[in-house]
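The values are calculated or read from the model by the stated rules, or taken from the named source; none is laboratory data. Just so you know, these numbers come straight off a predicted model, no measurement behind them. Every residue, glycine among them, receives a Cβ derived from its backbone with ideal geometry; neighbour counts consider all protein chains shown. Areas reflect the complete protein model, heavy atoms only, side chains present, ligands, DNA and RNA absent. Shrake-Rupley method; radii C 1.70, N 1.55, O 1.52, S 1.80 Å.
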Amino acid sequence: MSVTLRTLWGRVTALLAIVVLSVSGASAQAPKGDPIKVGFSMSLTGAVAPNGQQLLRALEIWRDDVNTAGGLLGRPVELVHYDDQSSPANVPGIYQKLLSVDKVDLLLGPYSTNMAAPAIPVIMQAGKTTITMLAIGVNRHFNYDRYFSMVPVSSEGVAAFSKGFFELASEQNPKPVTVAMVAADAEFARTAADGAKENAKKLGFKIVYDRSYPPGNTDFAPIMRAVQAANPDIVFVAAYPPDTVGIIRSAHEIGLKPKMFGGTMIGLLATPLKVQLGPLTNNLVIMESFTPIFKFPGLQDVLAKYREKAKGQKIDPFGYGFVPFGYAAGQILAKAVTETKSLDHDKIAKYIHANTFDTVAGQLKFGKDGEWAEPRTVFSQFQDVQPNDVAQFRDGSKQPVLWPDKYKNGKMIYPYAKD
């Protein structure tokens, strides 16, 4: 009898398993048919590759999640991408190839201001929609209604990348007066520096030094000595990853001691560079597009998947600065395609303009110019950073947010360096 009962129970268990599998399969059937091709260029080598590598992993995770859930319009999603080598000159040819040779159905990217600017004329001529990643102020040149930007600066554009920096400076007592500006002579850095000048002048600061340096420059000692000679209260820097390292090291080597130092140093959004510089980052104030204190729905799951992919890859182990934006761009594109039941770029663009989106980068809506309707940049300060410790950057405790007040969770250390 006992054998019969065990046998019966085994059959019931097997039957239940089949039912569960059938139900789960019905709710998310495997995608079928020709893939929907999503094309983009990405900086996988060159100056901004540390950031581009993160974005690629984010889009791969998005693709896998979409396909696991049944694809788009019942079809699998395929990513078609090429390395632009961090060179703007390579970008137009890549997008022409994506459209004319690969015949992709949808577009994303490129990443960064420098790459997005040369891509837009090609995309405009083809009448396509795209969502660029972390590019600022690009559409002010084109006013293209099928352009969207995955960066939290809003229509404030270039000003948003430095607004908090100068507002924090204005709050200090006594208020600093003079400013030195240092920027790379390339699209993003020039744009960020232009916005910084506007904000500085609005708040009554006097610019006593304003110079740019050519891309690829490796010797920053002469530049920082010139800054030191101008004796500014504040030093604002707009720099790329390799430049950031050179500028910070040179500033320490010559003993530069302003009252406030930082800016839009995008290299300091990448954990490996934070670890490389270690205590040299202490008291720097930088703009961030994202911070570990944000806890948006679905974010932790995506970051967990990214961190598995990042193991052993010599890329950022945490992914805060870029992964949410790459994945969110995919989410918005997928939502627009699903709701319009279409791959028509005009319908997709109109849907994106008209709706609010819940993403792993937070809830957002786009304005008329394709920028976020509301800004959400923050300014943080490196505090008590220790040498050779990756884990210290996991939870954001070494970079408390100082601005804006709604996200503030720390107190500013001022001045940057004591006399």
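Among 344-354, 282-292, how do they line up from the highest to the lowest mean number of other beta-carbon atoms within 10 Å?
Ranked from most to least packed, the peptides come out as 282-292, 344-354.
Report, in whole Å, the centroid distance computed from the Cα atoms of region 222-237 and region 382-401.
Measuring centre to centre over Cα atoms gives 26 Å.
How big is the chain on each of its three principal axes, counting only the C-alpha atoms and giving the largest first in Å?
91, 60, 35
Based solely on C-alpha atoms, express the radius of gyration and the Dmax of region 347-416 in angstrom.
Radius of gyration, then largest Cα-Cα span, for region 347-416: 17.3, 52 Å.
For Ser154, what charge total do you get from the other residues with a beta carbon under 9 Å from its beta carbon, if Lys and Arg give +1 and Asp and Glu give -1?
-2
Compute the separation of the alpha-carbon centres of region 109-137 and region 257-308 and state it in Å as a whole number.
That distance is 25 Å.
Anything in the chain that counts as a DSSP H helix reaching 18 Å or more along its axis (C-alpha) with Kyte-Doolittle mean of at least 1.0? List them, would you?
Long hydrophobic helices here: 2-27.
Ranking request for peptides 53-61, 222-230: highest mean number of other beta-carbon atoms within 10 Å first, then the rest in descending order.
Those peptides, ordered most packed to least, come out 53-61, 222-230.
Take the solvent-accessible surface of the protein heavy atoms, probe 1.4 Å, and return the percent of it on the chain that carbon and sulfur atoms account for.
Summing carbon and sulfur atoms, their accessible area is 53 percent of the total for the chain.
Could you tell me which of rounded, prolate or oblate describes region 119-246, using a ≥ b ≥ c as the square roots of the eigenvalues of the alpha-carbon gyration tensor, with rounded for a/c under 1.5 and, failing that, prolate when a/b is larger than b/c and oblate otherwise?
Here region 119-246 falls in the oblate category.
Could you give the nm distance between label points at Lys365 and Lys175, where each point is 7 Å from its Cα heading toward the beta carbon?
3.4
If you count, for each residue, the other Cβ atoms within 10 Å and average over each peptide, how do 137-145, 240-248 line up from highest to lowest?
Going from most to least packed, we get 240-248, 137-145.
Would you calculate the volume per residue, in Å³, of the smallest convex hull containing every Cα atom of region 294-419?
Dividing the Cα hull volume of region 294-419 by its residues yields 155 Å³.
How are the C-alpha pair distances of region 182-287 spread across 5 Å bins, as whole percents from the shortest bin up?
Result, from short to long distances: 2, 12, 25, 27, 21, 9, 2, 0 percent.
When all alpha-carbon pairs of region 282-328 are counted, what percent fall beyond 14 Å?
Pairs farther apart than 14 Å: 53 percent.
Consider a paramagnetic label point 7 Å from the Cα of Lys206 along Cα→Cβ; state which residues of region 164-187 have an amide N under 16 Å from it.
Flagged as within label range: 175-181.
Give the accessible surface of the chain per residue, rounded to a whole number of Å², with probe radius 1.4 Å and ligands, DNA and RNA excluded.
In whole numbers, the chain has 42 Å² accessible per residue.
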